[in-house]
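Every number in this text was worked out from the coordinates using simple rules, so none of it is lab data. All of these numbers come straight from a predicted model, not from anything done at the bench. When we count neighbours, we look across all protein chains shown, and the Cβ atoms used for this are built from the backbone with ideal geometry, even at glycine.
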2 protein chains.
Amino acid sequence: MTPSPSTALLTDRYELTMLDAGLHDGTAQRRCVFEVFGRRLPGERRFGVVAGTGRLLSLLRDFRFGDDELRFLRDNRVVDAETLTFLENYRFSGTISGYREGEVYFPGSPILTVEGTFAEAVILETLVLSVLNHDSAIATAAARMSVAAGDRPLAEMGSRRTGEQEAVAAARAAYIAGFTSTSNLEAGRRWGVPTMGTAAHAWTLLHDSEQAAFAAQIRAFGTDTTLLIDTYDIAEGVATAVRVAGTDLGGVRIDSGDLPSVAAQVRAQLDDLGATRTRITVTSDLDEYAIAALAASPVDAYGVGTSLATGSGSPTAGMVYKLVAREETGGGWRSVAKTSTDKGSRGGWKSAYREVRRGVATREIVVVSDPDESGPAERDGCRRLQTTLVEGGEVNSTFEGPAGVTAARAHHAHVREELPVRALALSRSDPALETIYLSA
Amino acid sequence: MTPSPSTALLTDRYELTMLDAGLHDGTAQRRCVFEVFGRRLPGERRFGVVAGTGRLLSLLRDFRFGDDELRFLRDNRVVDAETLTFLENYRFSGTISGYREGEVYFPGSPILTVEGTFAEAVILETLVLSVLNHDSAIATAAARMSVAAGDRPLAEMGSRRTGEQEAVAAARAAYIAGFTSTSNLEAGRRWGVPTMGTAAHAWTLLHDSEQAAFAAQIRAFGTDTTLLIDTYDIAEGVATAVRVAGTDLGGVRIDSGDLPSVAAQVRAQLDDLGATRTRITVTSDLDEYAIAALAASPVDAYGVGTSLATGSGSPTAGMVYKLVAREETGGGWRSVAKTSTDKGSRGGWKSAYREVRRGVATREIVVVSDPDESGPAERDGCRRLQTTLVEGGEVNSTFEGPAGVTAARAHHAHVREELPVRALALSRSDPALETIYLSA
């Protein structure tokens with residue numbers, strides 16, 4: 001069966017089971033507040049990056065139960081007839097607010113807040129978490145690579161190392177967090193991410209000689225192309241490249257070897273041959289640490305594959321979607337939270353602010369209240385972190401599509417500038433900002 | 001822009017750039033053999049599990065360049081007009097053979113072999129690797145969890161921890177590798193994987209008391225349901241569960257705490273209360289090691305989330321797609337391989353066999369030849385590992401859809417039985433079988 005355009009079954013069965021039971025006993029109509037937050041940052045990093053929000057909003061538009069979905073639920077007796085009728089008419093009519101895409105976050109940051117009836121809000125849990133946990137994990141790793149790369153261009157090329165749709169999302173998240181481009185064409189088509197790429201080793205192996213392969217590539221694309229020089233012998237590859245292309249050769253790419261020493265050798269050889277403006281791109285198993293180790297090397301651009309697409313050791317952000325407040329039986333609100341063990345979380349509606357002193361972020365302030373008395377809209381010296389994404393069921397379309405990606409990338413660059421210097425170190429540590437909780 | 005049903009742009013730009021240049025110089029028409037293999041097993045495990053093949057075959061059917069795809073490529077000048085015409089008419093017309101889905105594999109196993117012109121075969125690299133690297137990584141991790149769980153049911157519930165589409169693929173791969181069911185409804189609809197799930201903590205928190213929540217759940221689903229007992233206090237939760245449901249309560253689920261001790265306490269309490277047949281399911285941050293550590297505990301079923309969906313530390317299988325042979329300029333075949341560095345690979349067409357002695361697998365035998373003189377169809381005491389998946393562009397539909405998943409799951413169970421006992425240990429080690437190469 002082919003993938004459905006509906007996103008409604010990208011859902012854990014227990015969401016629909018709870019809905020079913022809640023329609024039976026009437027609790028499904030209680031007004032509820034669910035909150036997305038991370039108990040800690042992935043990989044003991046110093047800051048996290050929110051990504052996926054714009055993608056989520058578009059997927060929410062397709063969260064409808066059509067004939068295929070309803071038939072599956074009926075045939076497999078997942079829910080009863082009354083619930084099927086509810087789902088057939090399902091349309092989220094509540095409110096969603098949250099951190100802007102590209103924003104940085106810390107443990108406890110209320111990244112997304114979903115308000116609606118239990119029925120309409122609970123069934124969004126799986127889709128919301130799938131998108132935010134994946135995309136934020138990639139963006140969080142990508143931001144560190146971007147910090148390490150400094151002003152040098154940084155290309156995402158991890159599509160072959162992750163699921164085929166996740167690859168598109170990863171390219172998008174990396175671009176938001178500071179990458180320059182991607183190899184993934186669908187990310188270009190769907191999200192406007194600039195695409196790049198020239199040739200693989202297969203291109204050289206296809207030809208009778210490396211020289212023939214280079215000459216054909218230059219005939220097709222001109223001398224301002226990048227030649228992959230490490231199929232046979234790197235020194236010979238460089239010599240052949242310059243012989244064929246001349247000293248105006250745009251670039252060479254190195255995909256293997258001990259990169260600091262190889263890059264230095266290649267630079268020296270290019271300079272000796274007069275190709276002083278030929279750029280060097282390196283792409284071999286890079287991660288943020290390898291990029292940082294190349295900072296003093298004569299490298300002009302980086303390409304990152306596996307470690308980007310897999311979140312550099314932390315492929316998921318570990319965010320959860322928790323009920324934090326609900327309507328009381330007799331009206332009014334009750335803050336709720338699981339209390340049994342170490343997984344304890346904090347109930348109540350939360351307003352979030354970043355305290356910024358002389359242009360430097362100092363604290364994450366979370367004000368806890370009831371939904372009907374939510375905290376002040378403004379706080380002195382603080383930036384309000386939440387914005388309305390969906391109101392009365394209507395998606396704010398300014399966050400969607402390629403325009404949303406462009407805005408998220410700009411927002412991330414802006415808020416990263418605000419971070420204290422200690423936030424930019426690569427070693428494992430505590431979060432760079434402390435999260436403090438206040439009562440409204 | 002919404003996802004396209006076409007899979008053609010789930011492709012790295014350099015594939016199309018090489019195609020473009022190859023159409024210019026005529027090399028794109030050379031017959032080629034590309035091979036998918038892993039240089040090593042993910043996470044120093046003892047065997048790998050091939051998964052994704054059936055999914056890949058369906059995605060190949062949709063690998064067509066439609067108006068949207070062509071417009072993007074034209075507007076962004078990715079390729080020239082001649083190449084656009086080629087892509088407009090693109091349809092893979094070659095042959096693909098490979099390991100059956102569910103088969104185990106070792107370093108160097110020729111998991112997939114794609115034969116066709118350079119033009120038609122090179123542009124499949126990204127899609128092929130995305131699918132096989134993701135799904136095989138999940139299946140390889142899942143098989144170890146399945147070994148550790150023994151006869152106890154094992155549910156996949158990792159959808160909230162990975163991308164929303166990869167979650168469906170992960171549920172499918174886990175089922176092939178021995179899991180019993182999934183929480184993911186779309187995996188049920190699309191692939192026929194059995195689905196499961198009852199309630200989350202939000203269900204209990206929604207109600208005025210744990211007792212009210214349990215009573216409502218039992219009214220909706222009967223006493224043979226599973227109650228989540230760790231929202232407030234586990235001992236009180238168990239007492240309340242049995243008080244409300246009676247001693248015929250189907251099961252309880254524990255999602256936090258030190259599981260060996262908690263499971264023992266809960267079992268003792270249930271037995272004391274007379275609920276001796278009530279099953280215990282545990283779901284808190286399990287991986288293959290935690291499952292193994294619970295082997296002697298009174299646990300009846302496991303649910304695994306994060307570690308399954310992220311490949312338990314190895315989220316990608318690290319397979320590559322390499323040109324291993326091509327047509328010579330004057331006819332005949334040439335074996336080719338990158339030779340510069342440590343990334344060296346082995347050229348030539350490969351036939352793969354598993355040597356099995358008295359029912360136990362002993363070696364992986366790879367016979368290297370030219371494509372027109374490929375190895376013997378049979379070898380004494382060996383099982384041929386490759387089968388034809390696509391012939392003359394026609395997909396063998398028996399490997400697709402839910403039927404393909406069922407067959408892959410059965411095949412995996414069968415071939416896992418053949419593995420030597422040392423293959424089933426969880427510690428990091430060398431591959432359980434050595435791969436040896438022979439000339440035809």
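A few points about this structure:
- Structure remark: mean-square fluctuation, Gaussian network model of chain B, C-alpha springs under 10 Å; the largest value among B:S93, B:S181, B:S159 belongs to B:S93.
- Taking the label point 7 Å along Cα→Cβ, B:D224 and its counterparts in the other copies are spaced 7.2 nm apart, in ascending order.
- Backbone N under 17 Å from the A:D248 label point (7 Å along Cα→Cβ), restricted to the range A:274-300: A:274-279
- Distances in nm from A:Q29 to the matching label points in the other copies, shortest first (labels 7 Å along Cα to Cβ): 7.3
- Distance from the range B:248-309 to the range A:102-158 (C-alpha centre basis), Å: 32 Å
- Candidates B:A264, B:A292, B:A167: whichever shows maximal mean-square fluctuation once chain B is modelled as a Gaussian network with Cα springs under 10 Å: B:A264
- Selection from B:S351, B:G313, A:L56, by position along the positive dipole direction of the protein assembly as shown (Cβ): B:G313
- DSSP H segments from chain A that extend 15 Å or more along their own axis, Cα-based, with Kyte-Doolittle mean of -1.0 or above: A:13-25, A:125-149, A:164-176, A:210-221, A:234-245, A:259-272, A:401-418
- In nm, spacing of pseudo-spin labels at A:I436 and A:A410 (7 Å Cα→C-beta vector): 3.3 nm
- Inter-site label distance for B:D151 and A:A239 at 7 Å from Cα along Cβ, in nm: 7.0 nm
- For B:K350, A:K338, order by how many other beta-carbon atoms lie within 10 Å, fewest first: A:K338, B:K350
- Per residue, the average separation of C-alpha pairs within less than 8 Å and at least 6 apart gives chain A a relative contact order of 23 percent.
- Test item: B:210-222 mean partner chain Cβ contacts at 10 Å: 3
- Averaged over the residues of A:123-130, the number of partner chain Cβ atoms lying within 10 Å of the residue Cβ comes to 5.
- Among B:L424, A:S429, B:A137 - extreme Cα towards positive end, dipole of the protein assembly as shown, charges at beta-carbon: A:S429
- Relative contact order for the range A:250-385: 15 percent, from Cα pairs under 8 Å spaced at least 6 residues apart, divided by residue count.
- Rounded to the nearest 20, the size of the Cβ-charge dipole of the protein assembly as shown about its Cα centre is 1000 debye, with Lys and Arg at +1 and Asp and Glu at -1.
- Extension gain, A:R40-A:A268: 0.36 nm per intervening residue step, less the Cα-Cα distance, totals 77.5 nm.
- Burial ranking of peptide ranges B:146-155, A:425-434 (average Cβ count within 10 Å, highest at the top): B:146-155, A:425-434
- Under 17 Å from a label point set 7 Å out along the Cα-to-Cβ vector of A:E373, the amide N atoms of the range A:407-440 belong to A:438-440.
- Cleavage-rule hits, trypsin sites (Lys or Arg not before Pro), the range A:8-105, DSSP coil, Cβ neighbours within 10 Å at most 11: A:R77, A:R91
- FRET E, pair A:D208, A:N396, Förster distance 56 Å, beta-carbon r, rounded to 0.05: 0.45
- GNM flexibility winner over chain B from B:T276, B:T95, B:T113 (Cα, springs under 10 Å): B:T276
- Around the amide H of A:R279, modelled in the peptide plane, lie the amide H atoms of A:G251, A:V252, all under 5 Å away and 5 or more residues distant in sequence or on another chain.
- Of all DSSP bridge pairs formed entirely within the protein assembly as shown, close to 65 percent run antiparallel.
- For a straight C-alpha distance cut-off of 16 angstrom, the lysines reachable from B:K338 (same-chain residues fewer than eight places away being disregarded) are B:K322.
- Separation in nanometres of the label points that stand 7 Å from Cα toward Cβ, at A:D62 and A:S427: 4.5 nm
- Legend: mean number of C-beta atoms from other chains within 10 angstrom of residue C-beta atoms, peptide B:50-58, equals 1.
- For B:T387, A:T117, B:T226, order by how many other beta-carbon atoms lie within 10 Å, fewest first: B:T387, A:T117, B:T226
- Per-copy distances of the B:D75 label point, shortest first, in nm (7 angstrom along Cα→Cβ): 3.8
- Rounded to whole Å, the principal axis extents of the Cα atoms in the protein assembly as shown read 85, 73, 45, largest first.
- Taking amide hydrogens as placed 1.01 Å from N in the peptide plane, the amide H of B:T195 sits under 5 Å from those of B:T182, each at least 5 positions away in sequence or on another chain.
- Label zone at B:R277 (point 7 Å along Cα-to-Cβ), backbone N below 16 Å, the range B:209-224: B:222-224
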